[in-house]
Amino acid sequence: MRTKRENPPADRQSRNVRRPWAALLVAAVLLVPFIRPAVAGGAEAFIQSTADKVFTSYTGEITDEQRAKAFREILTATFELGTIARFTLGRYWRAASSDQRKEYRRLFEDFLVLAYANRFRDLGGVKLRIASVRAINKRDQLVQSEVDPGGGRPPIRIGWRVRETGQGLRIVDVIVDGISMSITQRDQFAAAIRSSGGKIAGLLAMLRDKTGPRQ
Amino acid sequence: MQPTRTFDLRRAPARALIALLCLTGLGPVGCATSPPADDPEALESFRQTNDPLEPLNRVVFAVNVETDRYILKPVAYVYKEAVPEPVQDAIGNFLQNLSSPAVFLNAALQGDADHAGATLLRFAINSTVGLAGTVDIAGEMGIVRRDEDFGQTLAVWGADEGPYIVLPFLGPSNARDALGIAVDYFADPWTYLRYEKFNYSRFGAEIVDARARNFDLLNDLEKTSIDYYAAVRSLYRQDRRDAIANGAEAALPPLPDIPDDEEDLEDEEREPARRPAK
């Protein structure tokens with residue numbers, strides 16, 4: 001969407017000077033439609049640049065460790081990990097001690113790197129196409145996008161839930177072909193806690209075991 | 001240590017028996033231990049998990065995982081690595097084309113005339129110009145494929161998913177989708193072909209083809225899960241919800257209002273100060 005930016009005829013210009021309210025009104029009418037798209041455009045550009053970063057850091061011959069490192073950098077810079085960590089612990093968050101919360105957040109980041117850094121290794125160099133942006137609530141927007149994996153396979157739909165935070169836009173969930181990362185992790189963590197008798201310590205031990213020493 | 005396996009296979013028969021007893025109503029206790037009634041949050045999460053047969057399901061799941069490890073996975077690996085990719089594509093296309101009549105039927109039953117028509121057209125084009133379905137010409141023409149099955153049809157008709165069920169060999173399902181599998185079997189015209197060998201081969205090929213296509217994904221998932229069973233259960237539910245809604249955005253899983261953690265961070269930061277020094 002583009003506005004026509006033709007210079008108004010000279011006589012109208014002079015009339016506008018004489019009637020400043022009319023000029024203000026015109027300016028207001030011209031600007032109003034751009035307020036919402038400007039916000040949406042922010043989320044769109046944010047996702048586009050994040051995705052480009054992800055997919056370019058996957059191209060070329062790199063080792064799994066390098067990929068993990070690149071992934072962690074992008075993850076910590078663009079995701080609201082504290083919020084996601086808290087969400088995935090669900091109702092157990094309140095029962096967790098301050099130390100447990102801190103350890104959980106550290107382990108959760110390691111776990112995401114382990115679980116997802118290599119999940120997209122075949123997508124090196126692909127291009128993300130933004131399909132739509134809509135507001136979910138006051139703070140969150142859902143950016144819908146598509147990636148063509150090539151080889152005649154159907155496009156992968158990726159939804160990004162983006163939140164306006166104090167540090168700018170941050171991702172709070174990624175939904176691939178209708179499957180939410182945050183919900184999947186919340187569900188399996190809840191099962192892990194239940195199987196260890198409702199103890200968060202059980203989940204922490206499993207996460208520690210899974211992620212191993214930090215690289 | 002393998003935390004994903006929460007039980008010992010040697011004890012599986014006993015567990016299966018217990019689960020069987022509770023299934024048939026002979027057992028004195030419920031199947032999965034329901035949380036105490038005075039814990040509404042736990043009860044709600046038990047209800048949401050929708051897995052009252054969890055003990056039995058975990059046994060079947062474990063058997064499926066072992067069957068996969070020793071039989072299906074090696075076969076799929078050889079298929080994936082030894083068969084040239086164009087041949088794999090042709091086989092995949094051929095199998096998809098065979099399922100078109102069933103997809104057409106379900107799309108029609110769902111009242112989706114557009115998709116029923118598209119599926120019929122796909123079948124006509126691919127069966128002829130597409131060399132007996134081995135080339136997805138229709139797809140290249142922009143008539144996209146989308147699977148429909150009777151489980152989805154029941155959902156469109158308003159049926160609830162019913163409890164989560166892990167089927168032997170077939171994997172994750174639920175009461176509604178399991179019934180759907182049975183109906184699809186009888187509704188599929190190829191079932192009535194007099195060539196039993198053809199149907200067995202088709203069934204086998206479908207399983208190997210699907211396993212090979214999801215080879216890396218399933219491996220990654222198993223390797224990186226905290227609780228593989230629970231992860232698969234969650235993925236299955238979300239995937240089916242997406243399939244029923246045909247990927248429409250409106251049917252995204254109800255995005256939970258992810259609470260901001262700022263307040264809690266502040267709490268955490270304040271806490272040490274409030275605590276009396278030891």
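Taken together, A:105, A:139 contain a single residue that is surrounded by 14 or more Cβ atoms within 10 Å (Cβ to Cβ), farther than 24 Å from residue A:56 by Cβ and at pLDDT below 85, which is A:139. With respect to the conditions (1) crowded, with 21+ Cβ neighbours inside 10 Å; (2) within 20 Å of residue A:76 (Cβ to Cβ); (3) more than 7 Å from every other protein chain (Cβ to nearest Cβ), residue A:200 falls short on a single one, namely (2). In segment B:127-135, the condition of being in a helix (DSSP H, G or I), touching a Leu at 6+ places or on another chain (Cβ under 7 Å) and not basic (Lys, Arg) is met by no residue.
Number of residues in segment B:227-258 that are facing chain A (nearest Cβ under 8 Å), modelled with pLDDT under 90 and not in a helix (DSSP H, G or I) equals 8. Annotation: of all residues in segment B:149-166 being out of contact with any Phe, Trp or Tyr (no Cβ under 8 Å at 6 or more places or on another chain) and either β-branched (Val, Ile, Thr) or farther than 26 Å from residue B:180 by Cα (or both), the one that is surrounded by the most Cβ atoms within 10 Å (Cβ to Cβ) is B:153. All told, residue B:196 falls short of being more than 14 Å from residue B:98 (Cβ to Cβ) and within 14 Å of chain A (Cβ to nearest Cβ).
Within segment A:131-144, is there a residue that is touching a Leu at 6+ places or on another chain (Cβ under 8 Å), among the charged types (D, E, K, R) and within 12 Å of chain B (Cβ to nearest Cβ)? Yes: one or more hits. When each of A:150, A:125 is tested for being part of a loop (DSSP other than H, G, I, E, B), more than 7 Å from every other protein chain (Cβ to nearest Cβ), touching a residue at least 60 places away in the same chain (Cβ under 8 Å) and not charged (D, E, K, R), the lone residue that passes is A:125. Restricting attention to segment A:73-91, and to residues there that are part of a helix (DSSP H, G or I) and at the interface with chain B (Cβ under 10 Å from one of its Cβ atoms), which single residue is surrounded by the most Cβ atoms within 10 Å (Cβ to Cβ)? Per the criteria, the residue is A:84. Within this structure, residue B:146 fails the test of being crowded, with 19+ Cβ neighbours inside 10 Å and either of a type in the set (D, E, K, R) or assigned to a helix (DSSP H, G or I) (or both). Look through B:59, B:87 and report the one residue that is in a helix (DSSP H, G or I) and touching a residue at least 12 places away in the same chain (Cβ under 8 Å). Every option except B:59 fails the conditions.
Just to be sure, is residue A:190 touching a Phe, Trp or Tyr at 6+ places or on another chain (Cβ under 8 Å), within 8 Å of chain B (Cβ to nearest Cβ), in contact (Cβ under 8 Å) with a residue 24 or more places away in the chain and more than 23 Å from residue A:74 (Cβ to Cβ)? For residue A:190, the condition - touching a Phe, Trp or Tyr at 6+ places or on another chain (Cβ under 8 Å), within 8 Å of chain B (Cβ to nearest Cβ), in contact (Cβ under 8 Å) with a residue 24 or more places away in the chain and more than 23 Å from residue A:74 (Cβ to Cβ) - is met. Every condition in (1) in contact (Cβ under 8 Å) with a residue 24 or more places away in the chain; (2) in a strand (DSSP E or B); (3) within 10 Å of chain B (Cβ to nearest Cβ) is met by residue A:118 except one, and the failing one is (2).
The values are calculated or read from the model by the stated rules, or taken from the named source; none is laboratory data. On a predicted model such as this, the values are computed, not experimentally measured, just so you know. Backbone-built Cβ (ideal geometry, glycine too); neighbour counts: all protein chains shown.
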